[in-house]
Structures are given as C-alpha cells and as structure tokens.
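Novice: Handing you this structure, nothing more for now.
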Amino acid sequence: MKAMIVYSSLTGNTKAVAEAILEIMPEGTELYPVDEAPEPKAYDFIAIGFWADRENADKKAQGYISTIKEKRVALFMTLGAYPDSQHALNTMENAKKLFLDNNNDIMGTFMCQGKVDPRLVQRFNSLPADHPHGMNAERKARLEEAAKHPNETDFKNAQKAFEGILKGR
Ligand SMILES: Cc1cc2nc3c(=O)[nH]c(=O)nc-3n(C[C@H](O)[C@H](O)[C@H](O)COP(=O)(O)O)c2cc1C
C-alpha cells in the first residue's frame, strides 16, 4: 500500500497531529505539507489533515482535496471549537462532502482542539461584548481549553483512530 499524509497547518497544530499519525503508519508512508504534496494519483491511501475555518476545511486544504479522486482517504482536523459541538460536526460533515463529490472512500475521521492563533484571540478581545464574535465567558473558557491542545492525549487518540482505520474497521 502506497500511503501518504498531507496536512495544511497555519500555526503548527495540524502538523503536530500529522507527525503523531505518521509514527503508527506503515513504513514508507510519506508526509507532506499541502504546498509540497505530490499528485494523489500514485497513492492507495491518503490521510488529509486540515484546520477548521468557517465550518469547513481551510481553503488550502480544500484546493488539494479537489484533486483527490476515487481514493481511500481518512480525514483529521484540528479546531478551536469543542470536538463534540454541533459546529465541529458540521465542519467535518462539510469537509467529508468535498471528498464524496469525487467518489472517494472515507475510511475514518479524527478531530481534536487546537490552540487558536493569539492574534485572532486578541481580535475577539477587542470586540464589544455584544458582537457575535465578542468575548464572553463561554468563548473565553473554550479558547482557554483550546490553548491546551493538541496534547499528548490527542496524539495518542489520533494514533488509535488511525490504527483502527488501517485495520479497516
Ligand atoms: C483565521 C482563522 C479562522 C478560524 N476559524 C475557525 C472556525 O471557523 N471554527 C473553529 O472551530 N476554529 C477556527 N479557527 C481555529 C483553528 O481551526 C485552530 O486553532 C486550528 O487548530 C489551527 O490549526 P493549525 O495550527 O494547524 O493552523 C480559526 C483560526 C483562524 C486563525
């Protein structure tokens, strides 16, 4: 099986998860940032990592995903929101649709929180409290939790998820 991991990562969270997953992938699995990823054609299995942006995979990841056709794939995502939130579920569902549009076979998914770029947090902080993106207690708690991720448990969970995916479960 010729396999590769392709990740899109702005601040390093998704890259760190990609590197953890690589540790349990079959020997010879290749790892690429999305800007350097080869054409998908020659690969049997592709793991794609992206960060959440506007309820979908980030734009760079979307560009690459659109080139993947009729492949076995697995998705992993890092995001600021809680993984069990409706926002997280919607985000993953929207990303999955991009793959299904091109007849890919989705073998599994994984997601975990990832610390949000401090510049964005700064922007939230500077907005009025009644602004839809303004800071409030709930958002503050979520951002503080996100700031602790991805952590060792996330890396282990990502590895477990991909071990299961590789076994075809
Ligand atoms: C411009 C921008 C937009 C974002 N939009 C969302 C979003 O819509 N939903 C969400 O849950 N997280 C959002 N995030 C948080 C990132 O998805 C999260 O921090 C992710 O772990 C970043 O991954 P990276 O370090 O690999 O770039 C956003 C972050 C940035 C910088």
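The values are calculated or read from the model by the stated rules, or taken from the named source; none is laboratory data. A quick note: this is a predicted structure, and the numbers were derived from the prediction, not measured. We place every Cβ from the backbone using ideal geometry, glycine too, and count neighbours over all the protein chains shown. Protein only, heavy atoms only, side chains kept; ligands, DNA and RNA dropped before computing areas. Shrake-Rupley method; radii C 1.70, N 1.55, O 1.52, S 1.80 Å.
Novice: Starting from the stretch 32-54, take each residue that is of a type in the set (D, E, K, R) and in a helix (DSSP H, G or I) and list its partners that are at pLDDT 95 or above and within 15 Å of the ligand (Cβ to nearest atom), counting only C-beta distances under 8 angstrom and pairs at least six apart or across chains.
Specialist: Taking only residues 6 or more apart or on different chains, the pairs are ASP35/LYS60.
Novice: Could you list, in sequence order, all residues of the stretch 1-23 that are touching an Asp or Glu at 6+ places or on another chain (Cβ under 6 Å), away from the ligand (no atom under 16 Å from the Cβ) and open to solvent by 40 Å² or more (accessible area, probe 1.4 Å)? Break it down into steps so the answer makes sense when it comes.
Specialist: Here is the first cut: in the stretch 1-23, the ones touching an Asp or Glu at 6+ places or on another chain (Cβ under 6 Å) are 1-2, 4, 8, 11.
From the residues that got through so far, the ones that are away from the ligand (no atom under 16 Å from the Cβ) too are 1-2, 4.
Within the stretch 1-23, MET1, LYS2 meet the criteria.
Novice: Do we find that LEU120 is modelled with pLDDT under 95 and within 9 Å of the ligand (Cβ to nearest atom) in this structure? Show your work before the answer.
Specialist: Details: modelled with pLDDT under 95: yes; within 9 Å of the ligand (Cβ to nearest atom): yes.
It is true that LEU120 is modelled with pLDDT under 95 and within 9 Å of the ligand (Cβ to nearest atom).
Novice: Condition first: without any contact (Cβ under 8 Å) to a residue 60 or more places away in the chain, assigned to a helix (DSSP H, G or I) and open to solvent by 50 Å² or more (accessible area, probe 1.4 Å). Now tell me which residues in the stretch 157-169 satisfy that.
Specialist: ASN157, LYS160
Novice: I need the full set of residues from the stretch 107-153 which are of a type in the set (Ser, Thr, Tyr), in contact with a strand residue (DSSP E or B) (Cβ under 9 Å, 6 or more places away or on another chain) and either assigned to a loop (DSSP other than H, G, I, E, B) or open to solvent by 70 Å² or more (accessible area, probe 1.4 Å) (or both), in order please. First the steps, then the outcome.
Specialist: Restricting attention to the stretch 107-153, the residues satisfying the condition of being of a type in the set (Ser, Thr, Tyr) are 109, 126, 153.
Cutting the leftovers down to in contact with a strand residue (DSSP E or B) (Cβ under 9 Å, 6 or more places away or on another chain) gives us 109, 153.
Scanning the stretch 107-153 gives a single hit, THR153.
Novice: I would also like to ask the following. Does LYS115 meet the test of being under 19 Å from the mean Cα position of the chain (by Cα) and within 16 Å of the ligand (Cβ to nearest atom)? Even if it seems obvious, please write down each step before you answer.
Specialist: Numbers: under 19 Å from the mean Cα position of the chain (by Cα): yes; within 16 Å of the ligand (Cβ to nearest atom): yes.
Criteria met by LYS115.
Novice: Of the residues that sit in the stretch 58-105 and are near the ligand (Cβ under 10 Å from one of its atoms) and part of a strand (DSSP E or B), which one is nearest to the chain's Cα centre (by Cα)?
Specialist: Per the stated criteria, the residue is MET77.
Novice: For residues in the stretch 37-53 being within 16 Å of LYS15 (Cβ to Cβ) and aromatic (Phe, Trp, Tyr), which is nearest to the ligand (Cβ to nearest atom)?
Specialist: Per the criteria, the residue is TRP51.
Novice: Something else about it: Scan the stretch 124-137 and give yes if some residue there is under 22 Å from PRO26 (Cβ atoms) and hydroxyl-bearing (Ser, Thr, Tyr), otherwise no. Explain how you work it out, then say what you get.
Specialist: To start, the set of residues in the stretch 124-137 that are under 22 Å from PRO26 (Cβ atoms) comprises none.
Among the residues of the stretch 124-137, not one is under 22 Å from PRO26 (Cβ atoms) and hydroxyl-bearing (Ser, Thr, Tyr), which makes the answer no.
Novice: Moving on. Inside the stretch 63-82, can you point out the residues that are surrounded by fewer than 17 Cβ atoms within 10 Å (Cβ to Cβ) and under 30 Å from GLU144 (Cα atoms)?
Specialist: TYR82
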